[in-house]
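Quick notes on the structure that follows.
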Protein chains: 2
Amino acid sequence: MKVQVIPKKEKWIAVEQGNICTPKGFSAGGLHCGIKRKRKDLGWIYSEVPATAAAVYTTNQFQAPPLKVSKESINTNGALQGVIVNSGNANSCTGKLGLQNAYKMREIFAEKACLKENDVAVISTGVIGEQLPINKIVAGVESISTLVNDAISFEEAILTTDTFTKHICLQLETENKVYTIAGAAKGSGMVHPKMATMLGFVTTDINIHHDILQKALKEVTEETFNMITVDGDTSTNDMVLVLANGMAGNKQWTQDDDEYALFKEGLHIVCQSLSQQIARDGEGATKLIEVQVNGAETVHDAQVIAKTIVGSSLVKTAVFGQDPNWGRIVSALGYSGITINTEKIKLKIGPVLIVEDGMPVSFCEEEAKSYLKNEKIEITVDLHAGNEIATAWGCDLSYDYVRINASYRT
Amino acid sequence: MKVQVIPKKEKWIAVEQGNICTPKGFSAGGLHCGIKRKRKDLGWIYSEVPATAAAVYTTNQFQAPPLKVSKESINTNGALQGVIVNSGNANSCTGKLGLQNAYKMREIFAEKACLKENDVAVISTGVIGEQLPINKIVAGVESISTLVNDAISFEEAILTTDTFTKHICLQLETENKVYTIAGAAKGSGMVHPKMATMLGFVTTDINIHHDILQKALKEVTEETFNMITVDGDTSTNDMVLVLANGMAGNKQWTQDDDEYALFKEGLHIVCQSLSQQIARDGEGATKLIEVQVNGAETVHDAQVIAKTIVGSSLVKTAVFGQDPNWGRIVSALGYSGITINTEKIKLKIGPVLIVEDGMPVSFCEEEAKSYLKNEKIEITVDLHAGNEIATAWGCDLSYDYVRINASYRT
């Protein structure tokens, strides 16, 4: 693998062909074990040494059994050395047998990789309400080799209705060290036949204390994974996991200081990139929509408004139809629940100023329509109420979204 | 007009061919004044005597100028004698000129109908951000005769993308009186080219005090108009208006007592029927979805959960596809924000039991699919957490929703 690092001090650089195996000491792979008809459906990540682990989970109250098992592993001593993931079956709403199967999956992968069970996380995504075909998974795990370095197969094995794999890798070079953070993800598309899951996996060789790793992940998630919406539904299996194995060799970062800020910056770029890739690959999506809200009194206000606009079915269909239908954006602004001064609102679609001081300005309809032909659509709102900002990402709503989600589960 | 009243004491009876002109002393009409290309776009309601008026308005912070004018009228002395409505232009985001035009519309209708300006409400629905063609409205109002009794033309004149008119009429016969409550409405479809409005108009000849009229409307709206969702967007012009002119001749009802309960029951039936008609006529809708939540700890909990399920894009597309995809319903239950005991949930799609004690039961897929061929789909959830219930209404999400809302504004 060709790794391009532009040696520039203290700056995260994208590694074009990097992936979750690029940070030192990580391997990964994926294979087909028979849950899906043809495509890969079993993936794993392995670290040579135990890695400090942090995770955020779905807020859906129906949390799937594998989530319980993974939480148990992570909470034992804040570390993981392996992750086993299947797609095609979410092992959700599966009761006691589902929980037994999740434990079984952990047990067999731990055995295969010579790890303690508590050092393994288990993740499932796919059909809800059906029991895991555990025998197929057992057979699949049998053929895993943790020496394999095949991140692309891992990226493929976690997909459901996604149309492309999602990954990013960053490096930062200091005087005597190279640090790497990388990520893979699958989108929140809804698998045939039932709901699926948004999953994110981040590996890094940075040596960092568990507490501030969890803090960074929580803060970054608020601004990235929690700012995307495809259809407003939150699945039962959503999870983002960070593994930091310390093999870059730095003295452990333990403080909320400059090094923390540097780490958080890298993690932010990774998570933001994965979030955008997920939004761009929303079911039936033809465009990525980015809504930036400026001039809010609080970050929370800006976040709520940005998510309300990007989540509006009417805004989404207008973008699909390449229609500069600003009335719908204004309407979403008005019903977000956040108090605004309607007479101070400024709105731009791309470079085109549409509303100023709450009133439509005369704009060139052709220029706006032409802008909406792009693949990435930026909507900017200024509230003139303060200095806080937020950005949210989503996708348009197309015929294909309806087609994909209305289809029979045959 | 043939009015069928089955004389049964103290019970509201539907009057099949009744409408908002059936209550004593009300007239109404509609005509084409040229805002739309061909269809009727100007409607009015007139009462022989001033009617006690109550109203509820959109919670969208961008409230259109006509709403301000109507509020001013109603707040003057809690009474109205006339209502003038145009469709095709919402007079919203139109600033000072928009407000002037709304006043002008009130002034000319008041003059034509020989009313005080403060006894007239003004309502607009249609395109946002364009100024009213006030000259066309002035010319249209010129040709209005308040002697006309043509509720059907009124129902037509208020429509935007609705595919059918919406109305209901109830009567109640007591020993020596006949009371009538009737309603008309237009749906929350989104007009070509921009957002439209949910509007409801209720007329009654009951003599009732303003305070309890407003109280009844507010309470009933919570359980009816506020429990429907087509696409989760709330327009800038939404409004429900009740006019009670007292011409039934009863001694004024002033108390929260038996008579109030009787009135509220009638108003509830009227508003629920209009709400269901609006949901059924959601853009592109092929089915009405009714979600009932039982066994909640509070009414609020039940309402939030019912609306979350009926508003889920994934549930809506599954119903469109006639797919008994219960996982999506369970998922919506889990992310509504209301705390539930996931192990106690019971779920039925029509007569088919799907989930009990939070676990899927084996059910006949064919029976469920066959049920989903119906035009009205009932989903019932039992939380087993208390005794409160709520019902919400919505519609499925079809290709036509995308087609209607993605189309260019040409």
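With viscosity set to 0.692 mPa s and temperature to 37 °C, compute the Stokes-Einstein D of the range B:237-279, Rh being the Kirkwood radius across alpha carbon pairs; µm²/s, no decimals. For these conditions, the coefficient is 268 µm²/s. Each Lys or Arg adds one and each Asp or Glu subtracts one; over the other residues with Cβ under 12 Å from the Cβ of B:G183, this totals +1. Distance between the modelled labels on A:E111 and B:R39, one decimal in nanometres: 6.8 nm (7 Å Cα→Cβ projection). For the range A:288-406, the share of DSSP beta bridges that are antiparallel, to the nearest 5, is 70%. Of the trypsin sites (Lys or Arg not before Pro) found in the range B:286-380, those in coil by DSSP whose Cβ has at most 11 other Cβ atoms within 10 Å are B:K373. Only DSSP H runs of four or more residues enter the estimate; each adds -39500 (n - 2.57), and after division by the residues of chain A the mean residue ellipticity at 222 nm equals -10000 deg cm²/dmol.
D by Stokes-Einstein for chain B, Kirkwood Rh over Cα pairs, 20 °C, 1.002 mPa s: 97 µm²/s. Taking every C-alpha pair closer than 8 Å and separated by at least 6 residues, the mean separation divided by the residue count of chain A gives a relative contact order of 17 percent. In a simple Cβ point-charge model (Lys, Arg +1; Asp, Glu -1; nothing else charged), the protein assembly as shown has a dipole of about 1500 debye relative to its Cα centre. Label-to-label distances for B:E10 across copies, nearest first, come out at 8.3 nm, using points 7 Å from Cα in the beta-carbon direction. Here the range A:13-280 is treated with +1 on each Lys and Arg Cβ and -1 on each Asp and Glu Cβ, and its dipole about the Cα centre works out to around 1060 debye.
For the range B:96-149, trypsin sites (Lys or Arg not before Pro) are listed when DSSP marks them as loop and at most 16 other Cβ atoms sit within 10 Å of their Cβ; the list is B:K116.
Rounded to the nearest 0.05, the FRET efficiency derived from the C-beta distance between B:H300 and A:L99 at R0 = 41 Å is 0.80.
For the range B:288-406, the dipole from Cβ point charges (+1 on Lys and Arg, -1 on Asp and Glu) about the Cα centre works out to 320 debye, to the nearest 20. The alpha carbons of the range B:288-406 stretch over 41, 32, 20 Å along the principal axes, in descending order.
The Cβ shell under 12 Å around B:C21 holds other residues with a net charge of -3, Lys and Arg each +1, Asp and Glu each -1.
Relative contact order for the range A:288-406: 47 percent, from Cα pairs under 8 Å spaced at least 6 residues apart, divided by residue count. For B:L199, neighbours were defined as the other residues whose beta-carbon sits under 14 Å from its Cβ, and their charges (Lys and Arg +1, Asp and Glu -1) total -4. Considering only chymotrypsin sites (Phe, Trp or Tyr not before Pro) in DSSP loops that have at most 14 other Cβ atoms within 10 Å, the longest stretch of chain A without any of them is A:165-407.
For the range A:308-315, backbone phi angles converted through the Karplus equation (6.51, -1.76, 1.60; θ = phi - 60°) give residue-by-residue couplings of 5, 5, 5, x, 6, 4, 6, 5 Hz, Gly and Pro being listed as x. Relative contact order for the range A:19-89: 34 percent, from Cα pairs under 8 Å spaced at least 6 residues apart, divided by residue count.
Once the Cβ-Cβ distance of A:S145 and A:H384 is raised to the sixth power relative to R0 = 60 Å, the FRET efficiency obtained is 0.55.
Set Lys and Arg Cβ to +1 and Asp and Glu Cβ to -1, take the dipole of chain B about its Cα centre, and tell me which of B:Y399, B:P351, B:T161 lies farthest positive. So the residue furthest toward the plus end is B:T161.
Bear in mind these aren't lab numbers, they're just calculated from the coordinates by the rules spelled out. Note that the structure is a prediction, hence the values are computed from the model and not measured. Neighbour counts run over all protein chains shown; Cβ positions are idealised from the backbone, glycine included.
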